[in-house]
1. Check Ala148 against each of (1) more than 14 Å from ligand 1 (Cβ to nearest atom); (2) out of contact with any His (no Cβ under 9 Å at 6 or more places or on another chain); (3) closer than 28 Å to Ala283 by Cα and name the one condition it does not meet.
2. Which of the numbered conditions does Leu154 fail, given that it passes all the others? Conditions: (1) more than 16 Å from ligand 2 (Cβ to nearest atom); (2) at pLDDT below 95; (3) not in a loop (DSSP other than H, G, I, E, B).
3. Could you count how many residues in the stretch 224-253 are assigned to a strand (DSSP E or B) and in contact with a Phe, Trp or Tyr (Cβ under 7 Å, 6 or more places away or on another chain)?
4. Give Ile290, Ile284, Ile306, Ile302 a once-over and let me know the one that is touching a residue at least 40 places away in the same chain (Cβ under 8 Å) and more than 13 Å from the chain's Cα centre (by Cα).
5. Condition (residue is of a type in the set (S, T, N, Q), within 25 Å of Asp324 (Cα to Cα), touching an Asp or Glu at 6+ places or on another chain (Cβ under 8 Å) and not in a helix (DSSP H, G or I)) applied to the stretch 254-265: is it met by at least one residue?
6. Examine the stretch 210-227 for a residue that is under 17 Å from Gly137 (Cβ atoms), in contact (Cβ under 8 Å) with a residue 60 or more places away in the chain and under 21 Å from the mean Cα position of the chain (by Cα), and state whether such a residue exists.
7. Can you tell me how many residues within the stretch 206-231 are within 16 Å of ligand 2 (Cβ to nearest atom) and either surrounded by fewer than 22 Cβ atoms within 10 Å (Cβ to Cβ) or over 22 Å from His168 (Cβ atoms) (or both)?
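The values are calculated or read from the model by the stated rules, or taken from the named source; none is laboratory data. As the structure is a computational prediction, the values presented were derived from the model and not from experiment. All Cβ positions, even for glycine, are placed from backbone atoms using ideal geometry, and neighbour counts span all protein chains on display.
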Amino acid sequence: MRSEAESRNLLLFKNARSPLHVCLGNSERCLGPFGFAQGKTFARHDKKMKFLETLVQTFANKPIDWDELEESLIRADLGVAMTTRIIKTLQEREAWSLMGISDVVKVVREEIARILPANSPPITPEPGKPKVILLVGVNGTGKTTSTAKLGRYLQQEPILSATRMDRHTVLLAAADTFRAAAIGQLGIWAERLGVEMIQGQYNADPAALCYEAYQAALARQIDFLLCDTAGRQHTKTNLMAELQKVKRTLGKHDPSAPHETLLVVDATTGSNALNQAREFKSAIGLTGLIVTKLDGSGKGGIVVAIQDELGVPTRFVGTGERLDDFALFDRQAYIDNLL
Ligand SMILES: Nc1nc2c(ncn2[C@@H]2O[C@H](COP(=O)(O)OP(=O)(O)O)[C@@H](O)[C@H]2O)c(=O)[nH]1
Ligand SMILES: [Mg+2]
């Protein structure tokens, strides 16, 4: 067995690019287990094997090589703690020398299922006031795209109240005022969704902008206010301080706002996503993750590692650049399709 430090090095090294690809393709679209009420679609390229399939192929018809197995689990971004636990569970079995790969896969599935919550809590409106959702994350992870996708998702959610037969209403706040182009980018999405967007000048104070956006949402009886935030700042400390201010300012309207703070992470960045989750969680607190780019070389394990180490659940997954390449996280579907 490798020490934790060695495994971490391995993790960093292996994350450069791995042959273990999980891939969801845009071109092949099918109604999969993510195809819930909204008709979300889910697909993956058959050419690239899922992590568990790769495991089976690697270890078929040969005894389990513990180092190789450990390396495979780390490469799938499951994290050091989870990997160590899986190996330990397997090695504690009395007849491990007779164990085949199907036993290994069974234990891996069981351990993953034990860590991931069975159901992702849905996002429901707040009675009589806007539900505020803050989307945060480093640059390029897919915050703006996910803001739009989440907006579409919420618009399509069935309204459960007997007094309302229409659709949920959404308002967007372009709180990434750090890049001039970001406002325009969100504006295009707002148009496509047919929703209003609150925007300020380039470099405007994002906290003040979110404050105004809340007032607008309240006045217009909007169900969901989605705030797209900046990922880049002069320094990381600035970014975190800015986000803390956004939270404090929203809290002046409603002490429970933002009701959701969702970190957007790019699955293709592997263990970097875990580091980002650590930093954002400690600076501003998180209620969940949106994991994007699972249609690329993103290995689904990162969801498990973040839940395992930080207790932050994945709420949504992004599987492409289009509005409907987005679904509520579902544990079983995830294990069946992404691992
Ligand atoms: N393939 C793929 N691309 C995505 C996904 N989500 C976002 N993107 C792309 O990632 C790039 C950065 O997205 P953007 O929303 O601007 O990131 P931001 O900087 O965090 O706001 C854009 O080219 C998006 O189209 C996804 O789930 N899959
Ligand atoms: Mg953006």
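1. The number of the failed condition is (1).
2. The number of the failed condition is (2).
3. Kept after step one, since they are assigned to a strand (DSSP E or B), are these residues of the stretch 224-253: 224-229.
Still in the list and also in contact with a Phe, Trp or Tyr (Cβ under 7 Å, 6 or more places away or on another chain): 225.
Of the residues in that region, 1 qualify.
4. Details: Ile290 fails: more than 13 Å from the chain's Cα centre (by Cα); Ile306 fails: more than 13 Å from the chain's Cα centre (by Cα); Ile302 fails: more than 13 Å from the chain's Cα centre (by Cα).
Result: Ile284 is the single residue among Ile290, Ile284, Ile306, Ile302 that is touching a residue at least 40 places away in the same chain (Cβ under 8 Å) and more than 13 Å from the chain's Cα centre (by Cα).
5. Of the stretch 254-265, the ones of a type in the set (S, T, N, Q) are 256, 261.
Now drop any that are not within 25 Å of Asp324 (Cα to Cα), which leaves 261.
With touching an Asp or Glu at 6+ places or on another chain (Cβ under 8 Å) added as a condition, the list becomes none.
Looking through the stretch 254-265, none of the residues is of a type in the set (S, T, N, Q), within 25 Å of Asp324 (Cα to Cα), touching an Asp or Glu at 6+ places or on another chain (Cβ under 8 Å) and not in a helix (DSSP H, G or I).
6. yes
7. Adding up the residues that qualify gives 4.
Conditions tested, residue by residue: (1) under 30 Å from Glu71 (Cβ atoms); (2) touching a strand residue (DSSP E or B) at 6+ places or on another chain (Cβ under 9 Å); (3) crowded, with 19+ Cβ neighbours inside 10 Å.
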{"site": "Phe280", "(1), (2), (3)": "yes, yes, yes"}
{"site": "Val303", "(1), (2), (3)": "yes, yes, yes"}
{"site": "Gly311", "(1), (2), (3)": "yes, no, no"}
{"site": "Glu321", "(1), (2), (3)": "no, no, no"}
{"site": "Phe329", "(1), (2), (3)": "yes, yes, yes"}
{"site": "Ala333", "(1), (2), (3)": "yes, yes, no"}
